[in-house]
1. Top mean-square fluctuation among I201, I40, I11, Gaussian network model of the chain, C-alpha springs under 10 Å?
2. Please give me the summed charge of the neighbours of F28: other residues whose Cβ is under 9 Å from its Cβ, Lys and Arg +1, Asp and Glu -1.
3. Quick check: pseudo-label points 7 Å beyond the Cα along Cα→Cβ at V88 and A38, how many nm apart are they?
4. Can you give the extra length, in nm with one decimal, that the chain gains between A73 and A45 once fully stretched, where that is 0.36 nm per residue apart less the Cα-Cα distance?
5. Starting from the Cα gyration tensor of the chain, take the square roots of the eigenvalues, sort them a ≥ b ≥ c, and report rounded, prolate or oblate (rounded when a/c is under 1.5, otherwise prolate if a/b is larger than b/c, else oblate).
6. What full-extension length gain, to one decimal in nm, is calculated for E185 and Q119 as 0.36 nm per residue of separation minus the Cα-Cα distance?
7. How far apart, in nm, are two points set 7 Å out from the Cα along the Cα-to-Cβ line at L223 and at V53?
8. Given 0.36 nm per residue, what is the gain on full extension from F174 to E216 after removing their alpha carbon distance, in nm?
Amino acid sequence: MTERNVLLEGIVGSTAYGLATPESDEDFLGVYLEPLRAVIGLSGASKMDASHVTHDPDRTLHEIGKFCRLALAANPTVSELLWLPEYVTLTPFGRTLVDNRNLFLSQRVRKTYGGYAIQQLTRLKNRGDFSSDTKKRTAKHGRHCYRLIIQGMHVLSEGEVKVRLDLAERDACFAAGELAESDVEAYERMVLELMGEFDAIDSGLPNEPDAEAVNEMLVDLRLLESSGPSE
């Protein structure tokens, strides 16, 4: 993987949501494309399922094959990359991914956004899972559990991923974090009530994403890469 292979990259996480605090770091997420010759050889499967992770700053780059599989599975962190308002890297191939982002959306968000939120709630109830700075981490997990639910509700009701929270949503997330820190049982009741609203949404999204169309797009991009530069 070289920098020339990076198709799409942006800032995700707390900064993108509008939930960053002075302690927050910037998190970068991106997509790169392995050359066709690399993925049709003996080690092709492993190359198409690879990620490169570095720190200072925190940066994760997924090979486009892995990225597409994660996005089709409605992975929240991966999905949001396609819905950012701006990017630090956006090539023509990256633009193709963004332009086709609706192909990845489906009712699978019920299991991912909702499921991840419940996982966060479980961690909150078992505070022993946290490291030394328990108090700050409890508030942070409380914020992000609440965020996952309201973002998931938006996907289901509006058919789009809303990354940047508005002011009222941001305030609600911080209030949720404070409640998690002070009264985890009250926080649990609030989350479960919100999850009831989440589950009740009558969504117009398809039950499954358009994997066939995504596969055709992926094949086309790989063939185009093999015939010449993407820029």
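1. Comparing I201, I40, I11 in a Gaussian network model of the chain, the most mobile one is I40.
2. On the way: positive: R59; negative: E9, E26, D27, D58.
Charge balance near F28 sits at -3.
3. About 2.0 nm separates the two model spin labels.
4. Values: separation 28, 0.36 × 28 = 10.08 nm, distance 1.86 nm.
Full-extension gain reported as 8.2 nm.
5. Working: a/c = 2.22, a/b = 1.69, b/c = 1.32.
Judged from the Cα gyration tensor, the chain comes out prolate (a/c at least 1.5, a/b above b/c).
6. Values: separation 66, 0.36 × 66 = 23.76 nm, distance 1.54 nm.
So the chain would gain 22.2 nm between E185 and Q119.
7. Modelled inter-label distance: 3.5 nm.
8. Details: separation 42, 0.36 × 42 = 15.12 nm, distance 4.18 nm.
Stretched out fully, the F174 to E216 stretch lengthens by 10.9 nm.
Taken together, the values in this text are just the output of simple stated rules run on the coordinates, not laboratory data. Everything numeric in this text was worked out from a predicted model, so none of it was measured. We place every Cβ from the backbone using ideal geometry, glycine too, and count neighbours over all the protein chains shown.
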